[in-house]
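My questions all concern the structure below.
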Amino acid sequence: MEGIDLHTHSNISDGTLSPEQLVHAAIEKGIHTLALTDHDTMDGLVLAQEAAENNALKIISGVEISSQWSRPSTKKSYGVHVVALNMQNPAPLNALLEQQKIIRAERAKQICDLLTPLIGEDIYLDVIAKVDNIPDRITRTHIAKTLVEKGYVSRPQQAFDKYIKEGKKAYVKFDGLGLQETIEVIHQSGGFAVLAHPTRYDLSATNIRYLIEIFSKFGGDAVELPPAVEPASTRQMVDRMIEEYDLKVSVGSDFHGDNMPWIRLGNIPRLKDWQVGIWESFS
């Protein structure tokens, strides 16, 4: 299992390495199977594939899709990320991603508009300059870094906590496709649907379990294992749900380069003896 990383980001979304730099870093780490899973875009895939040519590194097509789900009992909607892997016929997914790009670009402008009266300055042009003036590549991380550079906060997390996370005045929900529809489009594209980092959505244990349950009910294929730094009880809960619903597992570092320097490329959790990796299903 060592040498696999199925959740990474480049500067096509909110990572700091280019797809080519990411590939070279993976080769240096001894990684042999790498998925580039930028947010709502596969624009970096060809660059990664070209950089990996003539090297002992297999590039798996991937993307981290912004989706949403809700509990009928509360009617509250929650954001969730689904990693799509190993698409054989990406046309249906690409059509979805074009819509996601429009949503992402509009959301970024809305966040900056909400920030303007709060900080007394419109930072949109500074933010878009960070992504080569391509608005659909803007993530909240780019906005947070701009707020740091301009001195409104001291670090990116403070920008989230003060302005742009859920419940704050400049938060704008990503109004993406529902969870069931997202899984269906991935399957129409001949890919596998993976529930990304299930314990990182600021959900109660009850809601995490319910999320995994409906992900399975909707036809999801695998759950990403929590990183080793999380409490053993968290991993045990996720393992129990994976076993109960007979799901495969995926492993990924969620590497973002210098934007999250504490996360190391290729640093993935270990599988239990009974767990089956989704990569064993790749053609």
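Go through region 11-28 and give me each residue that's touching a residue at least 12 places away in the same chain (Cβ under 8 Å) and surrounded by fewer than 17 Cβ atoms within 10 Å (Cβ to Cβ).
Glu20, His24, Ile27 - these are the residues of region 11-28 that are touching a residue at least 12 places away in the same chain (Cβ under 8 Å) and surrounded by fewer than 17 Cβ atoms within 10 Å (Cβ to Cβ).
What pairs can you find where one residue is in region 50-75 and more than 27 Å from Val185 (Cα to Cα), the other is assigned to a strand (DSSP E or B) and not polar (S, T, N, Q), and their Cβ atoms are less than 7 Å apart, with a gap of 6+ or different chains?
Cβ pairs passing all conditions: Ala52/Ile59; Leu57/Leu34.
When region 88-146 is examined, which residues are found to be loosely packed, with under 15 Cβ neighbours inside 10 Å and aromatic (Phe, Trp, Tyr)?
none
How do the pairs read when you match residues in region 180-191 that are over 12 Å from Val80 (Cβ atoms) and of a type outside the set (Asp, Glu) with residues anywhere that are part of a loop (DSSP other than H, G, I, E, B) and modelled with pLDDT of 95 or more, using Cβ under 6 Å and keeping only pairs 6 or more apart or on different chains?
Ser189/Met87; Ser189/Asn89; Ser189/Pro90; Gly190/Met87; Gly190/Gln88; Gly190/Asn89; Gly191/Asn86; Gly191/Met87
The values are calculated or read from the model by the stated rules, or taken from the named source; none is laboratory data. What you see is a predicted model, and the numbers here were worked out from it, not measured in a lab. We place every Cβ from the backbone using ideal geometry, glycine too, and count neighbours over all the protein chains shown.
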